[in-house]
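J.: Just passing along the structure, written as structure tokens.
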Amino acid sequence: MSWIETPDSSNLARYKYDDRARVLTVEFKNGGTYNYYDVPQAVFEQMKAAPSKGEFLARSIKGAFRYARV
Amino acid sequence: MRSDPTLIGTVQDVAGTSVSVSLVSETATGLSFYKGESYRIGQVGSFVRIPLGYTSLFGIVSQVGAGAAPKTEGDLHPWGNQWLKVQLVGERGRAGKFERGVSQHPTINDAVHIVTEDDLREIYGPGDPVDFVTVGHLASAESIPALVNINKLITRHSAVVGTTGAGKSTTVAGLLTALSDPSRYPSARIVVLDIHGEYAKALADRSSVFRVSTDANAEKGEKPLQIPFWALSFDELVKLSFGDLSDEAAAVVSDAIVALKRESLGNQPREGITAARLTADSPVPFCIHKLWFDLHQREHRTIIPTPGGAADEVESAYVLDAAGNPVQPGDAMSVTPPLYRTVKTTGPAHERVNWGRDPINIRQQLAVLGSKLRDPQFAFLFNPGDWRPGIDGTVTKDLDALLKDWLGSPAPISILDLSGIPPAVLSDLIGALLRILYDALFWGRNLPEGGRLRPLMLVLEEAHAYLGKEHVGTASSAVRRIAKEGRKYGVGVMIVSQRPSEIDPTILSQCGTIFAMRLANDIDRGQVTGAASDNLKGLFDMLPILRTGEAIIVGEAVSLPMRTLIDPPAKNRWPDSRDPNVAVRGDATKGYEDEGGWAVPRQTEDYTIVMRQWRKQSPYYEHKQTEPDAPVAPATPEGENP
């Protein structure tokens, strides 16, 4: 489980996924880091494939999974 | 055209440290060029140089003005009389080294020059680079680093003041980052008293974090903060445990504590102290539960009088069950009081029950202590893990382990996160903490572990909360002591506050270096201006208009007052004091800059989790994982029909 950097994204700095705990961790460029819980592996794979991570996060993860600030 | 582009005017009038300068007419544009750099002339707060033979005097522009425009045509001064008021601050002698104070004064018609970047570099430049740490760069010249003398900064104490939102926490984080640079200062030693739990994230890779909390986040390498009550002095302990005690009661309690400490010392001897030299202040463990139990017994006990028996041969009048055994004989460690029968002084002799002997009338205080011993919020103090004495006063770990954690951890910075401490005891507790740290470094002053050989910087966040004028608490007296004599033993404080006017002036005036950030409040500004050792009112007039992250550094650690932009730490390492975004920028197609805010649809909210965190007294969310196979239904935003 290591960070995936997203230099092309305008909002996201990097993200990582813990497949055992099924936690997606996203770090924003402005410093905020959040854990999204119970994210299925498939959604993470989709995110990796998505051309715009910010859009994918806003459309498919935001509001769908419980999150907490880290 | 002027022959010298740096010339701006001539001295007209000298009064003490204040010099009036008449500007030469060519400076009317307000701009001058020298070596490809442009300089604005007559900026308040900028420097000027007045050469006097081999020495140069330096001053700060405090006021700028112009006389009335000339009436006749062909006047010598077509733009009117433009003038500057300059406060002299120092001089550069023959040796080329800048020093504070002036040995001579300028006279009429002496030339006044702008101070070029080369001059600035010389003024602010280091004598020896090891002594100086770069905290940012000059606000007026980005290429010049702002250098601060680390020796003076730490041993002569410092203060960081500024309104909320002026960038105080970020500045402190920036300063601490610079001071703990492992390549320059591998043995830096900084203890941060973090009232709001802001710094753990900002200094993550350079600090050990100690947190008062039931679930210190072990995953992040955080340790629980334990402050064993027996490390406190008698007065500190009484304040934190009993509250107020009358002199008579205090004497009795003190005797009882000494007796318990002596007993503990017998069970577990310690080097450096003998029973004969033991006082109630000695840092020797004792069982406070036993103290409570013994005193409770003395206060509440009822006895069955034995006619003809000696005064000390008495039998406690426990409430007995059918078999004749006490219903509740009490237990010290679980803080259970014994149950006694009520007093009965009439009736047949064998039914009589009297009060016990010598009560000291501290029932109320004992009840307070009893409830604190049971209170999990006070566990860090009265039940401090390995430092909790057993009933015989023996402990698993001694204070050296504690000091090693706080002062000798591998990381240069120790953050003592006090955010979980009951506010009522905050001042007393901080006082006790500071005293423990100071005493350790004071008595170890000739050792490599001590303060003289490895100085300590104490960062006191939100100092107005416990160092106020009206607080006569132990925190003020501890800080006052460190401020006055800490210099000799290598203990320096950095006071951080948004309300300098609420801080005891005797403490603030001991701070040799002041980082003054934006301060709008008049009273606060007056306090800072008064406390600064430089009498440079002109510079402090700028306090309300400083930019965020900009500070005026004055005092012993800098050769001249300087307006500095402090280097902030990297954005993802900012302290946790950032204001929340009410409206987060972005939209669903581009994504959002951050999570949450009013501008995005709501999550399905679950306040049972909020209650769980509240009851746990922990901000760290622990997720209860749902079954991996369970279908994850996308939550529907509230108030919206699917």
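The values are calculated or read from the model by the stated rules, or taken from the named source; none is laboratory data. No experiment lies behind these values; they were computed from the predicted model shown. Cβ atoms come from the backbone with ideal geometry, glycine included; neighbour counts cover every protein chain shown.
For (1) surrounded by fewer than 15 Cβ atoms within 10 Å (Cβ to Cβ); (2) free of Cβ contacts under 8 Å to residues at least 40 places away in the same chain; (3) aliphatic (A, V, I, L, M); (4) under 22 Å from B:D375 (Cα atoms), each residue gets a yes or a no:
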{"site": "B:L225", "(1), (2), (3), (4)": "no, no, yes, yes"}
{"site": "B:L232", "(1), (2), (3), (4)": "no, no, yes, yes"}
{"site": "B:K239", "(1), (2), (3), (4)": "no, no, no, yes"}
{"site": "B:E248", "(1), (2), (3), (4)": "yes, no, no, no"}
{"site": "B:K261", "(1), (2), (3), (4)": "no, no, no, no"}
{"site": "B:P269", "(1), (2), (3), (4)": "yes, yes, no, no"}
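J.: Please list, ordered by first then second residue, the pairs with beta carbon atoms under 6 Å, 6 or more apart or interchain, first in the stretch B:357-380 and small (G, A, S), second outside any helix (DSSP H, G or I).
T.: Partner pairs satisfying both residue conditions: B:G370/B:V335.
J.: Facing chain B (nearest Cβ under 7 Å), buried (at least 20 other Cβ atoms within 10 Å of the Cβ) and either modelled with pLDDT of 90 or more or over 22 Å from B:R573 (Cβ atoms) (or both) - does that describe any residue in the stretch A:38-51?
T.: Looking through the stretch A:38-51, at least one residue is facing chain B (nearest Cβ under 7 Å), buried (at least 20 other Cβ atoms within 10 Å of the Cβ) and either modelled with pLDDT of 90 or more or over 22 Å from B:R573 (Cβ atoms) (or both).
J.: Return the residues of the stretch B:598-621 that are more than 8 Å from chain A (Cβ to nearest Cβ), within 30 Å of B:Q377 (Cα to Cα) and either surrounded by 12 or more Cβ atoms within 10 Å (Cβ to Cβ) or at pLDDT below 80 (or both); say none if nothing qualifies.
T.: Answer for the stretch B:598-621, where residues must be more than 8 Å from chain A (Cβ to nearest Cβ), within 30 Å of B:Q377 (Cα to Cα) and either surrounded by 12 or more Cβ atoms within 10 Å (Cβ to Cβ) or at pLDDT below 80 (or both): B:I609, B:R612, B:Q613, B:K616, B:Q617, B:S618, B:P619, B:Y620.
J.: May I ask you to list pairs of residues, at least six apart or on different chains, whose Cβ atoms are under 9 Å apart, with the first in the stretch B:582-598 being at positive phi and the second being assigned to a strand (DSSP E or B) and modelled with pLDDT of 80 or more?
T.: Filtered contacts from the stretch B:582-598: B:G586/B:Y592; B:G591/A:L12; B:G596/A:Y34; B:G596/A:Y67; B:G596/A:R69.
J.: Starting from residues that are part of a strand (DSSP E or B) and touching a residue at least 40 places away in the same chain (Cβ under 8 Å), keep the ones in the stretch A:1-19 and report whichever is farthest from the other protein chains (Cβ to nearest Cβ).
T.: Only one residue fits best here, namely A:I4.
J.: Quick one: B:I360 ticks every box in (1) part of a loop (DSSP other than H, G, I, E, B); (2) under 21 Å from B:K261 (Cβ atoms); (3) in contact with a His (Cβ under 8 Å, 6 or more places away or on another chain) bar one, so which box is it?
T.: That leaves (3) as the condition not met.
J.: Among the residues of the stretch B:446-463, are any assigned to a helix (DSSP H, G or I), touching a helix residue (DSSP H, G or I) at 6+ places or on another chain (Cβ under 7 Å) and touching a residue at least 24 places away in the same chain (Cβ under 8 Å)?
T.: no
J.: Is at least one residue of the stretch A:20-28 under 15 Å from B:V600 (Cβ atoms), more than 7 Å from chain B (Cβ to nearest Cβ), within 10 Å of the chain's Cα centre (by Cα) and not hydrophobic (A, V, I, L, M, F, W, C)? Quick ask: steps written out before the conclusion?
T.: Initially, the stretch A:20-28 is screened for residues under 15 Å from B:V600 (Cβ atoms), giving A:26, A:28.
Restricting the remaining residues to those that are more than 7 Å from chain B (Cβ to nearest Cβ) gives A:26.
Subset that is within 10 Å of the chain's Cα centre (by Cα): A:26.
Remaining after also requiring not hydrophobic (A, V, I, L, M, F, W, C): none.
Scanning the stretch A:20-28, I find no residue that is under 15 Å from B:V600 (Cβ atoms), more than 7 Å from chain B (Cβ to nearest Cβ), within 10 Å of the chain's Cα centre (by Cα) and not hydrophobic (A, V, I, L, M, F, W, C), so the answer is no.
J.: Restrict the check to the stretch B:571-581 and report whether at least one residue is at pLDDT 75 or above, within 11 Å of another protein chain (Cβ to nearest Cβ) and at positive phi. Explain how you work it out, then say what you get.
T.: Initial filter on the stretch B:571-581 (at pLDDT 75 or above): B:574-575, B:580-581.
Subset that is within 11 Å of another protein chain (Cβ to nearest Cβ): B:574-575, B:580-581.
Narrowing further to those that are at positive phi: none.
For the stretch B:571-581, residues at pLDDT 75 or above, within 11 Å of another protein chain (Cβ to nearest Cβ) and at positive phi: absent.
J.: Follow-up question, since we're still on this one. Quick one: would you say B:G93 is under 19 Å from B:R121 (Cβ atoms), surrounded by 12 or more Cβ atoms within 10 Å (Cβ to Cβ) and at pLDDT below 85?
T.: It is true that B:G93 is under 19 Å from B:R121 (Cβ atoms), surrounded by 12 or more Cβ atoms within 10 Å (Cβ to Cβ) and at pLDDT below 85.
J.: Let me ask something additional. Only residues that are modelled with pLDDT of 80 or more and not aliphatic (A, V, I, L, M): list them for the stretch B:13-31, please.
T.: B:D13, B:G16, B:T17, B:S18, B:S20, B:S22
J.: Can you report the number of residues in the stretch B:363-398 which are assigned to a helix (DSSP H, G or I) and closer than 17 Å to B:I257 by Cβ?
T.: Qualifying residue count for the region: 10.
J.: Anything in the stretch B:344-395 that is closer than 21 Å to B:H300 by Cβ, among the hydrophobic types (A, V, I, L, M, F, W, C) and loosely packed, with under 13 Cβ neighbours inside 10 Å? List them, or say none.
T.: Result: B:I391, single match.
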